[in-house]
Amino acid sequence: MKHTILIIEDDEPMRLLLDVLLKKNHKLVFKNDGLDGMRWLSEGNIPSVIISDFKTPNMNGFDFFTSISQSGMFSEIPFVFISCRTDEAFKNRCLKLGAKGYLEKPFDPDQLYDLLDGIFNDKIEQ
């Protein structure tokens with residue numbers, strides 16, 4: 001069974017890279033920004049994990065993350081940031097607020113695979 005991954009990313013080259021890296025083993029849903037992601041979720045869709053860039057138009061990834069993490073319906077969805085922000089304080093803030101991972105661009109694909117494997121294995125154990 002393929003896991004559904006909601007990816008919030010507005011940069012086309014990064015979307016293509018994530019598509020190449022993940023489409024073999026996962027069902028991918030791409031949205032341009034947090035507002036598009038919220039609309040998709042509000043239609044009753046529940047992904048296995050959300051991967052989001054920090055800087056997106058209309059609603060940035062951090063605002064999207066805080067919005068869904070405070071929602072009773074979506075708060076249990078694991079959330080991973082992939083961002084150009086290298087600020088350790090920001091990274092730690094995201095993790096402290098409940099993000100399951102934070103990868104800095106450019107990232108090693110193996111880091112992403114390992115992070116997702118850990119998330120999916122945690123869900124199986126629960």
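A few comments on the model shown:
- Computed with a 1.4 Å probe on the full set of protein chains, the accessible area for CYS84 sits at about 90 Å².
- Sulfur and carbon atoms: percent of accessible area, the range 1-74 [1.4 Å]: 51
- Here the chain has an Rg and Dmax of 13.3, 37 Å, counting Cα atoms alone.
- Descending Cα extents along the principal axes, the range 63-126, whole Å: 32, 26, 15
- Rounded to the nearest 10 Å², the accessible area of ASP19 at probe 1.4 Å: 40
- Unit Cα scatterers, Debye sum, the range 1-68: log10 I(q)/I(0) for q = 0.23 Å⁻¹: -0.97
- Counted by Cβ distance under 14 Å from MET59, the other residues give a net charge of -3, where Lys and Arg count +1 and Asp and Glu count -1.
- Between VAL29 and LYS96, the modelled labels are 3.2 nm apart [label points 7 Å from Cα along Cα→Cβ].
- Under 5 Å between amide hydrogens, built in the peptide plane, is the criterion, and for HIS3 it picks out LYS27 among residues at least 5 positions away or on other chains.
- Centre-to-centre, using Cα atoms only, the range 90-104 and the range 1-49 are separated by 19 Å.
- Each Cα pair under 8 Å and six or more residues apart adds its separation to the average, and for the range 17-109 the resulting relative contact order is 24 percent.
The values are calculated or read from the model by the stated rules, or taken from the named source; none is laboratory data. Fair warning: this is a prediction, and the values are worked out from it, not measured in the lab. Glycine also receives a Cβ, built like all others from the backbone with ideal geometry; neighbour counts cover every protein chain displayed. Please note that ligands, DNA and RNA were not included when accessible areas were found on the heavy atoms of the full protein model with its side chains. Shrake-Rupley method; radii C 1.70, N 1.55, O 1.52, S 1.80 Å.
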